[in-house]
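First comes the structure, then the notes that go with it.
The values are calculated or read from the model by the stated rules, or taken from the named source; none is laboratory data. Predicted model only: the values in this text are computed from it and were never measured. With ideal geometry, Cβ positions are generated from the backbone for all residues, glycine too; neighbour counts draw on all protein chains shown. These area figures cover heavy atoms from the full protein model, side chains too; ligands, DNA and RNA do not enter into them. Shrake-Rupley method; radii C 1.70, N 1.55, O 1.52, S 1.80 Å.
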Amino acid sequence: MTRGFFTITLALSALPAAAQAPYKLPPKEVVALVDAPPPPQAVVSPTGDTVLLAAPEAYPPIALLSEPVLRLAGVRISPATGCRQRTFRFTGLQVQPVNGGASLRVPLPAGARTGLPAFSHDGRRFAFASDLVDGVELWVGDTATGAARPIEGVRLDDVLGPAFAWTGRGALLARTVPAGRGEAPRAPAVPTGPVVEETAGKASQMATFQDLLRTPHDAALFEHYARTQLAVVDVVAGTAAPLGEPGLYTDAEPSPAGQYFLVRRIRAPFSTRVPFFYFARSTEVWDAAGKPVATIADLPVSDEIPRQGVPTGPRAIAWRPLASATLLWLEALDGGDPTRKVEHRERVMTLAAPFAAAPVEVTRLRQRFAGLDWTGRTGVALVTEYDWDRRWRTTSLVDVAAAASPRVLFDLSANDAYGDPGEPVMETRPSGERVALQDGDAIYLAGDGASETGDRPFLDRFSLATLKKERLFRCDEQRSERFLAFVGTSRAQALVRSESKTDPPNLYVVDLASGARRKLTDTRDPTPELTRVTKELVKYARKDGVPLSGTLYLPPGYTPGTRLPALVWAYPLEYSDTATAGQVRGSTKTFPRVTGPSPLAFLTQGYAVLMDATMPVVGDPETMNDTYVEQIAQAAEAAIDVLDAKGVVDRRRVVVGGHSYGAFMTANLLAHTDVFAAGIARSGAYNRTLTPFGFQSERRSFWEAPELYLRVSPFTYAHKINEPILLIHGEADNNSGTFPIQSERLYQALRGNGGTARYVVLPNESHGYRARESVLHTLAEMIEWADRWAKNRPPAAP
């Protein structure tokens, strides 16, 4: 026994130990692409005459992500600011009149980092949050002058939801830090006892949520930071008046006429099994003074929701626009269970002020509610239902005040991109009511315009009476253009975001009758070296006939006939039929830009890149994953075949990669095929027994289909992964299912079976990587791995 122990010890000591390495940089060309300034984000005013341009902070420093963070009830809280950890911030704001007048730069303190601004409903003012070292301020700006100032004495708290919202009277309703909140509870120096959970007969088949509460101290911390004081902020006087008592408010919304508030709150005891939005909760109506008038719903913790189902009881409670104070909500009639066979799945309920009568049923829906857009006509809405069995969506015109039957407007597969009619163009009225923009019986629809040649976004006028469409705008064939808003109150001009393969995104004012256009912004090309790449839409097919496609990028200066090393980057999607699976989505006319650890960085290193190579999984929603491995393998082989046939790729030097579900795909392809030289898998899940109640759209649990869960798990076949694989994972991944242990265990399995693998853990990163150091290091690892195992591999003989 002593000898055996000694032998095992020596064997383990021979394995390479984990070590923390310094951050590394990719080649200088890649660093330049990552550091290029991103284009501004546009926020259009409700009146359509002004645009706020917010300059994003490309990547925050790792120091920001390294600040203390509390992971509580599904939320990540910065104890320094008392708000959610914010890694997407803006460094500057600019007011741009649409009429072509001079832009106005909003003066901000040096080094300011803000949230995205929001216009008041009349467009005259805008508001935004601004980070401080010890809190978050509320700022208000004047659209006409660009001047902005903080509201003194107000500190925001967005732990349970948006920190502020405009009301219909030009004021702000804000969540603020309560006066005298004091210090956060301190953790006990000595544990008071073990952490204990118990279950008995309660079937809780919830997703594998992360960042949940675990201890009484967690619960105390969560309540400390989540408790807020609602306040009505007078932006002219710069004062804030408290509304009601401090509480755990997840939402608060004034009624259209302003005499009531709809308030949602959670309450203790808190659950350790679900995030805060499934905690025990109530929805109340308050009067304008903050006094409770009625309780509309009082629900227990929702930890028994059926898989891919909805909670029971009133949900999606909201004010009905164009009515002074009337509520509308949904109630499941099938127990929230999509597998239950019933005639109707939902009923729509309503209740008007003074909220003392019994609620009235408006209508019933045969399928699950999937969306509602109110029209500009009182009480009339577009209601969308989703048929879970068929993956089908139906949109009907419903009059909640009349007994008439709903009129079907659109009825198509949820995956049918070519037939997608688009979404209603909405308007926010000065009262704050948000409805579809409507002229007479016509509304306006804007959509992606997917086609055989790629997306060509459009704008239609659609008659609710005749169901006929009139095309007002369609993207130019050589550009990628998208309708943003009408200019002013006229329908003659539209504000459009336009870009091409060589032109960065800019805003244009387009005359819809003549097509004449005027450039409104002037964003310059920050990466001319990347603009010289070539790209084309490539179409091909699996051997079973399913159509496939992808965007092929070739590096600057590519010489035709040269066979290059290549990277195939993909993410599998699920479809019910071959026709929709083969539809082309996306556009080859977009401006090339490296965003985060983008595979496009490989173009600077002499690689061909096949981006968004389609990997459809097609079949009956109940059983399609039974052939998951075979389907992605066929798609991967078809991708390499078409690149080889075009003479642009050396098929012996092709790397496959993906993020999240794409990483799961990558590991499976290396386990079950031998067509790739190496793989790159970022933030994936590789052992499906750790997500036992479903993954993606899988409807069966592990105990209902154990063979399936084992067969699609790359972990099961780690001994067959005989190509080198690079595993990268954020240390603090909070995505449901992709615990960091997924990558850790696959790496250990590969190591134990003599595989070739490298495992990189990015400190303090979540599911997507945000810090500049992390992004650059990830790209360096990816390029070095591909160079080592593919690019520098001897080329195939002619």
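Heavy atoms of the protein chains alone define the surface here; on that basis the range 554-708 has 29 Å² accessible area per residue at 1.4 Å probe size. For the pair R758 and E245, label points projected 7 Å from Cα toward Cβ lie 5.9 nm apart. Note on T378 and R169: the extension gain reaches 73.2 nm, defined as 0.36 nm multiplied by sequence separation minus the Cα-Cα distance.
Once the convex hull of all Cα atoms in the chain is built, its volume per residue stands at 190 Å³. State whether the range 71-201 is rounded, prolate or oblate according to the following rule on the C-alpha gyration tensor (a ≥ b ≥ c being the square roots of its eigenvalues): a/c under 1.5 gives rounded; otherwise a/b larger than b/c gives prolate, and the remaining case gives oblate. Because a/c hits 1.5 or more and a/b exceeds b/c, the range 71-201 counts as prolate. Label reach from A357 (point 7 Å along Cα→C-beta): in the range 316-337, amide nitrogens under 17 Å belong to 320, 323-329.
What FRET efficiency do you get for D525 and L437 if R0 is 35 Å and r is their Cβ-Cβ distance, rounded to the nearest 0.05? Working from the Cβ atoms, E equals 0.55. Rolling a 1.4 Å probe over the heavy atoms of the protein chains gives the range 47-164 an accessible area of 39 Å² per residue. Carbon-plus-sulfur fraction of the accessible area of the range 227-294, 1.4 Å probe, in percent? That fraction is 56 percent. Kirkwood radius and radius of gyration were both taken over the C-alpha atoms of the range 300-416, and their ratio Rg/Rh is 0.97. Every pair of different Cα atoms in the range 481-628 enters the Kirkwood calculation, which places the hydrodynamic radius at 18.0 Å. Compute log10 of I(q)/I(0) for the range 565-626 with the Debye formula, placing one identical point scatterer on every Cα and leaving out solvent, at q = 0.13, 0.20, 0.21, 0.24 Å⁻¹, to two decimals. Here the Debye-derived log intensity ratios amount to -0.48, -0.85, -0.89, -1.01. Label sites at N722 and A645, each approximated as a point 7 angstrom past Cα along Cα to Cβ, lie 2.8 nm apart. Placing R0 at 41 angstrom, the Cβ-Cβ distance between A36 and A203 gives a FRET efficiency of 0.20 after rounding to 0.05.
Where Rh denotes the Kirkwood radius from the mean inverse Cα pair distance, what is Rg over Rh for the range 118-180? Rounded to two decimals, Rg over Rh is 0.97.
Would you mind telling me the share, in percent, of accessible area of the range 655-798 contributed by carbon and sulfur at probe 1.4 angstrom? That share works out to 49 percent.
Counting only residues at least eight positions apart within a chain, or on another chain, the aspartates and glutamates with an alpha carbon under 14 Å from that of K535 are D612. Each pair of Cα atoms in the range 751-798 enters the Kirkwood radius, and Stokes-Einstein at 20 °C and 1.002 mPa s then converts it into a translational diffusion coefficient of 164 µm²/s. In this simple spin-label model, placing a label point 7 Å from the Cα along the Cα-to-Cβ direction at both R585 and Q748 gives a separation of 3.6 nm.
Within the accessible area of the range 489-570, the carbon and sulfur atoms contribute 51%, probe 1.4 Å, all protein chains present.
Quantify how much of the Cα-Cα distance distribution of the range 204-322 extends past 26 Å, in percent. The calculated P(r) of the range 204-322 puts 30 percent of pairs beyond 26 Å.
Pairs spanning more than 28 Å between alpha-carbon atoms, out of K28/K501; K202/K720; K468/K539: K202/K720; K468/K539. Label reach from A268 (point 7 Å along Cα→C-beta): in the range 210-229, amide nitrogens under 20 Å belong to 212-229. Exposed loop sites here mean trypsin sites (Lys or Arg not before Pro) with a DSSP loop assignment and at most 11 other beta-carbon atoms within 10 Å; the chain contains its longest site-free run at 544-798.
With a Förster radius of 41 Å applied to the C-beta separation of N735 and E29, the computed FRET efficiency comes to 0.85. Counting 0.36 nm for each residue step from W703 to A102 and taking away their Cα separation leaves a gain of 209.9 nm. Which percent of Cα pairs goes in each bin when the distances of the range 133-260 are cut into 5 angstrom slices starting at zero? Going out from 0 Å in 5 Å bins, the range 133-260 shows 2, 8, 15, 17, 15, 12, 10, 8, 6, 4, 2, 1, 0 percent.
Residues of the range 449-464 falling in the label zone of K539, defined by backbone nitrogen less than 19 Å from a point 7 Å along Cα to beta-carbon, are 449-457.
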